[in-house]
1. Condition check: closer than 20 Å to ASP250 by Cα, over 20 Å from the mean Cα position of the chain (by Cα) and open to solvent by 10 Å² or more (accessible area, probe 1.4 Å). Does THR84 satisfy that?
2. For GLY173, work out the one condition from (1) touching a residue at least 24 places away in the same chain (Cβ under 8 Å); (2) more than 27 Å from SER21 (Cβ to Cβ); (3) in a helix (DSSP H, G or I) it doesn't fulfil.
3. Considering only the stretch 229-255, state which residues are under 18 Å from GLU160 (Cα atoms) and open to solvent by 60 Å² or more (accessible area, probe 1.4 Å).
4. Restrict the check to the stretch 147-160 and report whether at least one residue is open to solvent by 20 Å² or more (accessible area, probe 1.4 Å), in contact with a His (Cβ under 9 Å, 6 or more places away or on another chain) and of a type in the set (Asp, Glu).
5. Return the residues of the stretch 185-213 that are among the aliphatic types (A, V, I, L, M), in a strand (DSSP E or B) and open to solvent by 10 Å² or more (accessible area, probe 1.4 Å); say none if nothing qualifies.
6. Check ILE140, ILE182, ILE147, ILE162 and return the single one that is assigned to a helix (DSSP H, G or I) and either free of Cβ contacts under 8 Å to residues at least 60 places away in the same chain or closer than 28 Å to ILE18 by Cα (or both).
7. Restricting the search to the stretch 214-228, which residues are more than 19 Å from ILE162 (Cβ to Cβ) and not in a helix (DSSP H, G or I)?
8. Do we find that LEU8 is closer than 17 Å to ALA258 by Cβ and hydrophobic (A, V, I, L, M, F, W, C) in this structure?
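The values are calculated or read from the model by the stated rules, or taken from the named source; none is laboratory data. Predicted, not measured: the structure shown is a model, and the values here were computed from it. No Cβ is skipped: glycine too gets one built from the backbone with ideal geometry, and neighbour counts run over all protein chains shown. With ligands, DNA and RNA removed, areas are computed over all heavy atoms of the protein, side chains included. Shrake-Rupley method; radii C 1.70, N 1.55, O 1.52, S 1.80 Å.
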Amino acid sequence: MSDNDSPLGFTPNEMMTIAASRALKNDDVCFVGIGAPSAACNVARLTHAPDITLIYESGTIGTAPDVLPLSIGDGELCETAVTTVAVPEMFRYWLQGGRISIGFLGAAQLDKFGNINTTVIGGYFHPRTRLPGGGGAPEIATSSKEIYITMAQSKRGMVEKIDFFTSFGHGEGGDHRKRLGIDTSGPTLLITDLAIWKPDPLTKEFIVVSLHPGVTRQQVQESCGWTVRFAEALDETPAPSELELKTLRDLQARTKAAHEGTGKGKAA
């Protein structure tokens, strides 16, 4: 759906990206995943959080890309970074050293406890779909102080049981992380194209706390593979502002132009 087709003036994916960007603060040090997490982090940087520190897995620190990277190895990241360090230093000193406040991840499959699959759909040896794999996500999931997850909702993606355990969320729920000796908070926020979710303080099951404009409870349930729980005081996500939409659309337009090689990728 294009924004012109939407009666609300913005698409579900735009609402998801902007809602995710709002969760980031100016003083965050954020380990950024490629795709939707990268878009959200850079919208935050270009609007309300200009001093946020964005770190990508390739070793780029304090990067400020003018266009969204195709991968962690995109030259745009290194060119705009404050510095670039070796990958072992990135993981050992920055990530495992407890210096990352937010790890921002996507998921191909997700369960209600925030466990992530980015490896295979179906059986491991004979999968229906083989995915890119975990990369650094398993380490990000356990070493970042908090994890934010963003993904479009579908019954194929939000499942009762993931096909492969790539990145640890809250495991079986409750105090499972603590019992395994993992002292970080794990997934504290899930932003989809329909709603905002937060984990129950005790069970750690994700609960819907806010519906995006125009979205119903039924829509959320119909696009989720487990029985959804809704907060007693259910909010409505504020619609994107004119600035937020313009920032996101300009970023996406520059990215499209740059990746198509039209020479119009840089902002004026």
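1. On the way: closer than 20 Å to ASP250 by Cα: no; over 20 Å from the mean Cα position of the chain (by Cα): yes; open to solvent by 10 Å² or more (accessible area, probe 1.4 Å): yes.
The answer is no for THR84.
2. Unmet condition: (3).
3. Start the filter on the stretch 229-255 by keeping residues that are under 18 Å from GLU160 (Cα atoms), which leaves 229-230.
ARG229, the sole residue that qualifies.
4. no
5. First, pick out the residues of the stretch 185-213 that are among the aliphatic types (A, V, I, L, M): 189-191, 194-196, 202, 207-209, 211.
So of that shortlist, the ones also in a strand (DSSP E or B) come out as 189-191, 195-196, 207-209, 211.
Answer for the stretch 185-213, where residues must be among the aliphatic types (A, V, I, L, M), in a strand (DSSP E or B) and open to solvent by 10 Å² or more (accessible area, probe 1.4 Å): LEU189, ILE196, ILE207, VAL209, LEU211.
6. On the way: ILE182 fails: assigned to a helix (DSSP H, G or I); ILE147 fails: assigned to a helix (DSSP H, G or I); ILE162 fails: assigned to a helix (DSSP H, G or I).
One residue alone meets the criteria, ILE140.
7. Matches in the stretch 214-228: GLY214, VAL215, THR216.
8. Values: closer than 17 Å to ALA258 by Cβ: no; hydrophobic (A, V, I, L, M, F, W, C): yes.
In short, no.
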